[in-house]
Amino acid sequence: MSLLKPFSKLPGLNSANILLVESKEEFQQSLADALVQETAFTVNVRLAKSLPLPMENEESRPRIDLVAFIIDLTSELSFQSTEASLKCLDPGYFLGKVCFMVTNARNAAAPIERLDAVRKLAASLHCPLLFTEDQRCVMFSPLQTPDGVTNATERLLTILKVAAGLVPMATALYLSNLTRSTVSPDIDQPSFD
Amino acid sequence: MDPSDNVGNLHHMVEAVAPSYGPAPDSSTGQKDAPPADMLRIKQQMSNQCFEMAVQLQAGKSKRSCSTSEAGRELSEYVNELDRVKTIHFNSTLTLHRMQMWHAIGEKLKRNDSEALALKAESNRCMDLCSRIKQLQQESRVFQDEITEIQKRRLEMKRLTHEKMKEMDELTSKAGHPDTEKYKAVLERGQANLEKYKKMTVMTQNVLRGILLACKVNWLDDPKLRDIAMTLEEFSISD
């Protein structure tokens, strides 16, 4: 069983490598297209459905600077697959090189307990939790649909730049202290429906 | 997990590489004409990465056990300390840059070529503007003082006016007062006297009535007695 290790390879010059893990493989494609538009440095995006990653790409794969898990709140499978994938990640990644991205949080089909569970997961692992929109749930204004991807891209790029060392005087560990998601103590109480 | 799981799940694990459409700014190997800014950036990135790896190694060496809450508290302390040091470093860097700038400007001026002349003209203009600014600031300060003075005087005036109004109110309310005081006293005394005399009169009348009755005088026939008896009826008989 191979764990994905953060420091087992040499870093790339002026580049950042990000791994998007999503069990449904819908949002990650549009996100990837938007991410590679960045021109200040080279962004290499690797897509995966879940971890562990297949062994045959082991040699050609560059060092992954940031692992972003995309969880769709309307599907339980997404959450469970993410939880299973977390076990295949070396603990060294959780010091600022992992982030969780949640989509469809506004959808009525998303149960609140799942959101709480994701929040608790992110808080226990001290990782940032981002909320994004993908195209499906926004039906009212067509202008909104590309913005969800743009916003997600911007925020991911911010974290990615720090994780790849491209921001002077900031390391991923330092940023994780500033962006860690916390869970308020009353999250166990039943919410009002 | 054993390899059989891997084989079974292989069709689920597909890893793809997204093609990069954007122009690659720097290829990672063999850049001949990379501008110095990019080189500096890459150097900073590498130093950042090396720092992270060093931190990782360091963390592996010293292991001590402590509770999570204690670690959390210590962590916030360390982050504060880190912020403080970063601010100091940033300020020092700014100061250093300023000093370097001034040194460069000084060197340039010393060299005394065309650009230095332009620089000197600019700095002279700056000096003139600065002295003009100082002058204007002085004037505005004088004006401000005057304004403050006038405001103080106005406030004083207001206060005096207020006091005078209060005094006037007091006087108008008191003006009727002393007369009514004496008046009341006199009135009361007069009324007391009146009561006294009234009682005396009533008593005398009662006595006269009693005498008339006792003497069994026929006062109806005599006109003088009748008048006196009539007047007795005017006053009420009081105890």
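Points worth noting:
- Only one entry of B:Val7, B:Val79 meets the criterion of being modelled with pLDDT under 85, part of a helix (DSSP H, G or I), farther than 23 Å from A:Pro11 by Cβ and at the interface with chain A (Cβ under 7 Å from one of its Cβ atoms), and that entry is B:Val79.
- Taking (1) more than 30 Å from B:Arg41 (Cβ to Cβ); (2) at the interface with another protein chain (Cβ under 10 Å from one of its Cβ atoms); (3) surrounded by fewer than 19 Cβ atoms within 10 Å (Cβ to Cβ); (4) under 15 Å from the mean Cα position of the chain (by Cα) in turn, A:Lys24 satisfies each apart from (2).
- Residue match in the range B:88-103 (condition: of a type outside the set (D, E, K, R) and farther than 24 Å from A:Met169 by Cβ): yes
- Filter result for A:Ile18 (in a strand (DSSP E or B) and touching a Phe, Trp or Tyr at 6+ places or on another chain (Cβ under 7 Å)): no
- Subset of the range B:55-76 that is within 12 Å of chain A (Cβ to nearest Cβ) and hydrophobic (A, V, I, L, M, F, W, C) - its residue that is farthest from A:Leu178 (Cα to Cα): B:Leu57
- Of the criteria (1) more than 30 Å from A:Leu178 (Cα to Cα); (2) without any contact (Cβ under 8 Å) to a residue 12 or more places away in the chain, which one B:Thr93 fails: (1)
- Among all residues of the range A:128-145, there is at least one that is crowded, with 17+ Cβ neighbours inside 10 Å, among the hydroxyl-bearing types (Ser, Thr, Tyr) and modelled with pLDDT of 80 or more.
- When A:Ala16, A:Ala32 are checked against the criterion of being more than 7 Å from every other protein chain (Cβ to nearest Cβ) and modelled with pLDDT of 85 or more, A:Ala16 stands alone in meeting it.
- Matching residues in the range A:31-71 - criterion: being of a type in the set (Ser, Thr, Tyr) and farther than 27 Å from A:His126 by Cα: A:Thr39, A:Thr42, A:Ser60
- In the range A:45-58 there is at least one residue that is surrounded by fewer than 22 Cβ atoms within 10 Å (Cβ to Cβ), assigned to a strand (DSSP E or B) and facing chain B (nearest Cβ under 9 Å).
- Within the range A:102-121, considering residues that are in contact with a strand residue (DSSP E or B) (Cβ under 8 Å, 6 or more places away or on another chain) and touching a residue at least 60 places away in the same chain (Cβ under 8 Å), the one surrounded by the most Cβ atoms within 10 Å (Cβ to Cβ): A:Thr103
- Filter result for A:Leu31 (in contact (Cβ under 8 Å) with a residue 24 or more places away in the chain and assigned to a strand (DSSP E or B)): no
- Among the numbered conditions (1) loosely packed, with under 10 Cβ neighbours inside 10 Å; (2) over 18 Å from A:Leu166 (Cβ atoms); (3) modelled with pLDDT of 50 or more, the only one that B:Pro36 does not meet is (2).
The values are calculated or read from the model by the stated rules, or taken from the named source; none is laboratory data. These numbers were taken from a predicted model, which means no experiment stands behind them. Please note: Cβ atoms are built from the backbone with ideal geometry, for glycine as well, and neighbour counts cover all protein chains shown.
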